[in-house]
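Structure first, then comments.
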Amino acid sequence: MNKSFKIGDLKPRLPIIQGGMGIGISLSSLASAVANAGGIGVISGAQIGFREEDFEINPLEANKRALIKEIRRARKLSPNGIIGLNLMVAMENYDEFVRVAVKEKIDLIISGAGLPMNLPALVKGSNVKIIPIVSSLKAARLIIKSWTKKYFRLPDGIIIEGPLAGGHLGFKKEELIDKTYQSLKDIVTEVTAYLKKEKLDVPVIAAGGLHTASDIKEIVNAGADGVQIATRFVATYECDASDEFKNAYVNCREKDIEIMMSPVGLPGRAINNEFLDKVNCEGRIKVDKCYRCINKCNPKETPFCITRALVNSCNGNTNNGLVFVGAKAYMVDRIVSVKELMEELEKGFE
């Protein structure tokens with residue numbers, strides 16, 4: 001066990017971060033359960049207000065209101081736990097959501113789907129820890145150099161997300177399909193060597209395709225200080241998604257998992273279903289309403305509305321929605337409690 005693992009002054013009992021999953025997959029129920037089990041629980045801020053009554057007419061205010069509700073509920077359910085928030089840089093109104101979270105005294109903010117170059121300015125004067133998600137040494141170096149030069153601060157941790165992760169991926173589609181990508185282990189080795197050479201004390205958290213305790217052991221031996229895991233936490237009783245969504249993981253086979261292009265402009269890994277078949281066959285699904293969820297999205301050109309696709313799947317309509325998964329989701333065979341899962345994963349640090 002890495003007993004020295006800490007994010008700034010935050011010291012979780014276990015060096016395990018539960019990955020943020022939107023829309024509506026990781027909210028206060030899952031995040032608080034992970035925090036209570038000794039890890040860092042993470043709420044996804046992606047279109048978090050989709051269940052609010054006014055979401056259809058005023059998604060921004062609905063999202064801000066729901067974000068406050070979920071942070072406060074997680075705090076109530078886990079008063080002594082560590083609660084984080086995952087916000088995609090590609091989100092519309094990213095800055096506003098960061099400010100709301102800071103005001104609510106979230107413990108940490110994790111950001112990927114783009115590089116959070118101005119995140120230090122948005123949390124200035126608060127005690128909120130900030131962790132970027134990167135997929136290469138080049139990106140890690142860029143963040144560190146930019147933040148130290150402009151803001152005189154280092155990241156409180158760096159999440160290295162490898163090619164076997166679920167959702168949006170920081171690799172080229174061709175690399176993912178042809179499997180010519182750099183492995184998570186190699187990226188972690190490069191980044192830790194760079195940090196050591198520069199004498200920088202920044203925890204490295206590995207993510208993507210870490211499914212078993214032996215996976216964790218291997219990546220820790222490669223230099224990672226901690227891990228971020230998402231896919232395994234979907235198949236838990238406490239996960240905020242519908243039973244239909246959870247069972248899509250339990251029932252999927254390796255051949256069902258494919259690489260697709262997201263409206264965000266990044267490749268993603270998801271379960272092939274009727275929805276993706278339709279997108280692949282027709283080229284695009286007409287967007288009747290824009291929820292202004294991501295920057296640079298033209299409703300007339302985007303292949304489909306990612307908000308509607310993710311809301312549908314979260315609510316249980318998985319055949320007519322997008323189901324993001326990690327590369328090893330086919331290994332999920334049952335639904336367990338967060339406590340049972342954390343006890344299993346903890347063995348990777350022994």
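Computed from the coordinates by the stated procedures, all read-outs in this text should not be read as laboratory data. A quick note: this is a predicted structure, and the numbers were derived from the prediction, not measured. All Cβ positions, glycine included, derive from the backbone under ideal geometry; neighbour counts span all protein chains shown.
Would you look at the GNM of the chain, springs on alpha carbons closer than 10 Å, and say which of I130, I83, I285 moves the most?
I285
Find how much the distance from D186 to K296 grows on full extension, using 0.36 nm per residue of separation minus their present alpha carbon separation; answer in nm with one decimal.
Using 0.36 nm per residue and subtracting the Cα-Cα distance, I get 36.3 nm.
Between A213 and D178, what length in nm is gained on full extension when 0.36 nm per residue of separation is reduced by their alpha carbon distance?
Fully extending the segment from A213 to D178 adds 9.9 nm.
What does the helix-only formula give at 222 nm for the chain: each DSSP H stretch with n ≥ 4 adding -39500 (n - 2.57), the total divided by the residues, and the result rounded to the nearest 500 deg cm²/dmol? Before the final figure, lay out the partial values.
Values: 13 runs with 126 residues, N = 350.
Per the formula, -10500 deg cm²/dmol.
Using Stokes-Einstein with the Kirkwood hydrodynamic radius over Cα pairs, what translational diffusion coefficient do you get for segment 242-348 at 4 °C and a viscosity of 1.567 mPa s, in µm²/s rounded to a whole number?
Using the Kirkwood radius from Cα pairs, D works out to 86 µm²/s.
Just to confirm the filter: which GluC sites (Glu not before Pro) across segment 248-340 are DSSP coil and have at most 14 other Cβ within 10 angstrom of their Cβ?
Filter output for segment 248-340: E301.
Enter the Cα centre distance for the pair segment 10-24 and segment 115-188, rounded to the nearest angstrom.
For segment 10-24 versus segment 115-188, the Cα centre distance is 16 Å.
Measure out, as a whole number of angstrom, how far apart the alpha-carbon centroids of segment 315-348 and segment 30-45 sit.
Centre-to-centre (Cα) distance: 15 Å.
Past 21 Å, Cα to Cα: identify those pairs from K173/K328; K6/K76; K150/K199; K129/K149; K76/K103; K11/K347, in the order given.
As for pairs spanning more than 21 Å Cα to Cα, those are K6/K76.
With the chain treated as a Gaussian network of Cα nodes joined by springs under 10 Å, which of L27, L122, L169 yields the largest mean-square fluctuation?
Of L27, L122, L169, the Gaussian network model singles out L122 as fluctuating most.
In nm, to one decimal, how far is the N58 label point from the A121 one, both placed 7 Å along Cα→Cβ?
With each label point 7 Å from Cα toward Cβ, the separation is 2.9 nm.
By count of other Cβ within 10 Å, fewest leading, how are S337, S242, S44, S135 ordered?
Numbers: S337 13, S242 17, S44 26, S135 23.
Placing the least packed residue first, the sequence is S337, S242, S135, S44.
Restricting to lysine pairs 8 or more places apart or on different chains, what number in segment 250-320 have Cα atoms under 24 Å apart? Don't jump to the answer; show the numbers that get you there.
On the way: K255/K278; K278/K286; K278/K289; K278/K296; K278/K300; K286/K296; K286/K300; K289/K300.
Lysine pairs meeting the criterion: 8.
How many percent of DSSP beta bridges within the chain run antiparallel, rounded to 5?
25 percent
Taking the Cβ of each residue in R153, R334 as the centre, tally the other Cβ atoms inside 10 Å and list the residues starting with the fewest.
Lowest count first: R334, R153.
Can you compute the FRET efficiency between Y237 and N272 using 1/(1 + (r/R0)^6), with r the Cβ-Cβ distance and R0 = 35 Å? Round to the nearest 0.05.
It comes to 0.85.
Please work out how much length the chain gains when fully extended from N247 to K11, using 0.36 nm per residue of separation minus the C-alpha to C-alpha distance, in nm with one decimal. Walk me through the intermediate numbers first.
Numbers: separation 236, 0.36 × 236 = 84.96 nm, distance 3.36 nm.
Contour length minus the Cα-Cα distance gives 81.6 nm.
Select from segment 169-244 those GluC sites (Glu not before Pro) which occupy a DSSP coil region and have at most 14 other Cβ atoms within 10 Å, ordered by residue number.
E198
Give, as a single signed number, the net charge of other residues whose beta carbon lies under 12 Å from the beta carbon of L10, with Lys and Arg counted +1 and Asp and Glu -1.
Net local charge, L10 excluded: +1.
In the chain, once you exclude exposed chymotrypsin sites (Phe, Trp or Tyr not before Pro) (DSSP loop, at most 16 other Cβ within 10 angstrom), what's the longest stretch remaining? Write out the running numbers ahead of the final one.
Working: sites that count: F152, Y237.
For chymotrypsin sites (Phe, Trp or Tyr not before Pro) (loop position, at most 16 other Cβ atoms within 10 Å), the longest site-free span of the chain is 1-151.
Quick one: L14, L85, L154, fewest Cβ neighbours within 10 Å first, how do they rank?
Lowest to highest Cβ neighbour count: L154, L14, L85.
Between D333 and E258, take the C-beta separation as r, use R0 = 25 Å, and let me know the FRET efficiency to the nearest 0.05.
Step by step, r from the Cβ atoms, then E = 0.75.
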